[in-house]
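Asker: Before I ask anything, here is the structure I am working with.
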Amino acid sequence: MPSARKEMLRFGIPLAVLMAGVIFIVLPNVPSTWFWLWVPVGALGFVLAFLLMFVLYFFRDPERLVPADESIIVSAADGLVVGIDEMEEPDFHLGPMIRVAVFLSVFDVHINRTPCEGTVKSTIYKAGQFLDVRHPQSSQLNECRSWWLETPHGDVAVRQIAGLIARRIVAWAGEGTPLQRGQRFGMIRFGSRTEVFLPVDCTVLVKIGDRVQGAATPIARWPG
């Protein structure tokens, strides 16, 4: 399965090559009489080095300890809980479900993880806009990828929603893929929203304003 490391290399290698070229080739060869070029060339090298450090930071992929309690449903993403409501699941028409929405800033880990054990029955990609994911209509209008998970307890859906800065949803699993609770299945670049749709008889364990960690923070519990 692809990983955040491969995504990081797509951005990191070109930046590293450009930075090395500016700092170790261009800057040392600027003639001493062209002193007016030293500052802009040096500034360019600094900016490239900063961008490289940010890429390494953004694509970090820490290990997480999944709760041992099998009745626990974990967060699918790192970030801030911005919505908890009951609504009709919009993509697979699974009926009324509880939606738990998490906002991811550019400083959060952007790996998405499976909230519960299950098999991917279907996944749908929808093109759309790139509104700020805090916009009330972003969930309906923005580009997204949705996942339908068949679990021993019932159907669960997860939506990866692109945002104002996030312009690419990366999928690492496909239809028919069995996923363990807390397993990585994709990511969103570079700031986004992840929504989990749960059966209405689940007990929600978080509230709006809570910070959560993917695979580690309990967000709900199965009934019984």
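Asker: Being modelled with pLDDT under 80 and closer than 26 Å to ILE72 by Cα is true for just one of SER139, SER146. Which residue is that?
Answerer: Answer to the selection: SER139.
Results for (1) in contact with a His (Cβ under 6 Å, 6 or more places away or on another chain); (2) more than 29 Å from ILE219 (Cα to Cα); (3) among the acidic types (Asp, Glu); (4) part of a helix (DSSP H, G or I), shown as yes or no for each residue.
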| position | (1), (2), (3), (4) |
| --- | --- |
| ARG5 | no, no, no, yes |
| LEU9 | no, yes, no, yes |
| GLY21 | no, yes, no, yes |
| GLU63 | no, no, yes, no |
| ALA68 | no, no, no, no |
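Asker: Under 9 Å between Cβ atoms, at least 6 apart or on separate chains: pull out the pairs that start in the stretch 211-224 with a residue that is farther than 14 Å from LEU198 by Cβ and end on any residue that is hydroxyl-bearing (Ser, Thr, Tyr) and modelled with pLDDT under 95.
Answerer: GLY214/THR194
Asker: Kindly check whether there is at least one residue in the stretch 77-85 that is of a type outside the set (Asp, Glu) and free of Cβ contacts under 8 Å to residues at least 40 places away in the same chain.
Answerer: Within the stretch 77-85, not a single residue is of a type outside the set (Asp, Glu) and free of Cβ contacts under 8 Å to residues at least 40 places away in the same chain.
Asker: When you check PHE54 against the structure, is it in a helix (DSSP H, G or I), closer than 30 Å to ALA215 by Cα, in the same structural domain as ILE13 (by TED's automatic domain parsing) and not aliphatic (A, V, I, L, M), yes or no?
Answerer: When the stated conditions are applied, PHE54 passes them.
Asker: Would you be able to say whether some residue in the stretch 185-200 is part of a loop (DSSP other than H, G, I, E, B), of a type in the set (Val, Ile, Thr), at pLDDT 95 or above and surrounded by fewer than 20 Cβ atoms within 10 Å (Cβ to Cβ)?
Answerer: yes
Asker: Right, another one. Identify the single condition in (1) over 30 Å from GLU150 (Cβ atoms); (2) of a type in the set (A, V, I, L, M); (3) in a loop (DSSP other than H, G, I, E, B) that VAL39 does not satisfy, given that it satisfies every other one.
Answerer: Going through the list (1) over 30 Å from GLU150 (Cβ atoms); (2) of a type in the set (A, V, I, L, M); (3) in a loop (DSSP other than H, G, I, E, B), VAL39 breaks only (3).
Asker: Looking at PRO40, PRO62, PRO67, PRO28, which is the one that is at negative phi, exposed (fewer than 14 other Cβ atoms within 10 Å of the Cβ) and touching a residue at least 24 places away in the same chain (Cβ under 8 Å)?
Answerer: PRO62
Asker: Among (1) of a type in the set (Val, Ile, Thr); (2) buried (at least 18 other Cβ atoms within 10 Å of the Cβ); (3) assigned to a loop (DSSP other than H, G, I, E, B); (4) touching a Phe, Trp or Tyr at 6+ places or on another chain (Cβ under 6 Å), which single condition is VAL109 missing?
Answerer: (4)
Asker: Look through the stretch 104-120, keep the residues that are out of contact with any Ser or Thr (no Cβ under 8 Å at 6 or more places or on another chain) and in contact (Cβ under 8 Å) with a residue 24 or more places away in the chain, and return whichever of them is nearest to MET187 (Cα to Cα).
Answerer: ILE111
The values are calculated or read from the model by the stated rules, or taken from the named source; none is laboratory data. Keep in mind it's a predicted model, so treat the numbers as computed, not measured. Methodologically, a virtual Cβ is constructed for each residue, glycine included, from the backbone with ideal geometry; neighbour enumeration extends over all protein chains shown.
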